[in-house]
1. For region 80-88, take each phi angle, set θ = phi - 60°, evaluate the Karplus expression 6.51 cos²θ - 1.76 cosθ + 1.60, and give the result in whole Hz per residue in order, putting x for glycine and proline.
2. I'd like the FRET efficiency for residue 152 and residue 132, computed as 1/(1 + (r/R0)^6) with the beta carbon distance as r and R0 of 41 Å, rounded to 0.05.
3. Determine, at each q value in 0.21, 0.23, 0.25, 0.26 (inverse angstroms), the log₁₀ of I(q)/I(0) that the Debye formula gives when each Cα of region 113-188 is one equal point scatterer.
4. Suppose each label sits 7 Å from its Cα in the direction of the beta carbon; what would the residue 67-residue 187 distance come out to in nanometres?
5. Sticking with the crude label model, points 7 Å out along Cα→Cβ, report the distance from residue 90 to residue 173 in nm, one decimal please.
6. With N residues in region 138-179, what two-decimal value do you get for its Cα radius of gyration over 2.2 N^0.38 Å?
7. Carbon and sulfur: what percent of region 68-112's accessible surface (1.4 Å probe)?
8. Net charge within 9 Å of residue 96 by Cβ-Cβ distance, Lys/Arg positive one each and Asp/Glu negative one each, not counting residue 96 itself?
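The values are calculated or read from the model by the stated rules, or taken from the named source; none is laboratory data. Quantities reported herein were computed from a predicted structural model and do not represent experimental measurements. Note that we place each Cβ from the backbone using ideal geometry, even for glycine, and neighbour counts take in every protein chain shown. Just so you know, the surface numbers come from the protein's heavy atoms only, side chains and all, with ligands and any DNA or RNA stripped out. Shrake-Rupley method; radii C 1.70, N 1.55, O 1.52, S 1.80 Å.
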Amino acid sequence: MDAMRKGDDLAEVEIDLGEPDDPGEFDNGEEAERLWKAVPVLEEDEDIHTSALVEISDTKPLIDVRDPRGINDCLKVTFEDVIAEPVSVRSGDRVWIWSHALFEVSRVWIYRIVTALLAIPLSITSGIFFAVLSCFHIWMVGPCVQCIFISTRWLQRLWSVLLEVILRPLFLSVSQCCRGFSIHLAEE
């Protein structure tokens, strides 16, 4: 799958949606491409005005890397992080093996069930919330802040003049006066 560039001719692309596990399908040693991954852009092919981030679609999630920035590193919990038996007190081996298996299975499946029920409504809700928040910030907060900066430009200029004319000479004088003091600590 080649990324389309300006000036390229449109060509038909045939996509085979067959099973990638068929051993006879890739006899020439090539591996099947995953259709959801973005094609890496080489530096010499990269246009001056575009970057690799522009060519990756924002609407297609990354399937393999779901936490690329490590936001949820604190949630990497395993059985050994939660349950541990000291040497002095031990349960039977079968109890330990079954409790480990049931912990992992219940953790994975309960997560899958809860996300199947809540992920889509919560993602729609958070998408709406961030869209409204972005719209409010772009169209209300940003212009209001700029209006305040424009209308208080004289106050900023007055403040900088006061700092230059009054406070800077005062603190320079105090620093010149205190420059002659020295403190020597001695043990008794």
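1. Going residue by residue, I get 5, 6, 9, 10, 8, 9, x, 5, 6 Hz, with x marking Gly and Pro.
2. 0.90
3. Result of the Debye calculation: -0.96, -1.00, -1.06, -1.09.
4. Going from the residue 67 label point to the residue 187 one covers 5.2 nm.
5. Rounded to a tenth, the inter-label distance reads 8.2 nm.
6. 1.86
7. About 64 percent, which is the carbon plus sulfur part of the accessible surface.
8. Residues near residue 96 contribute 0 overall.
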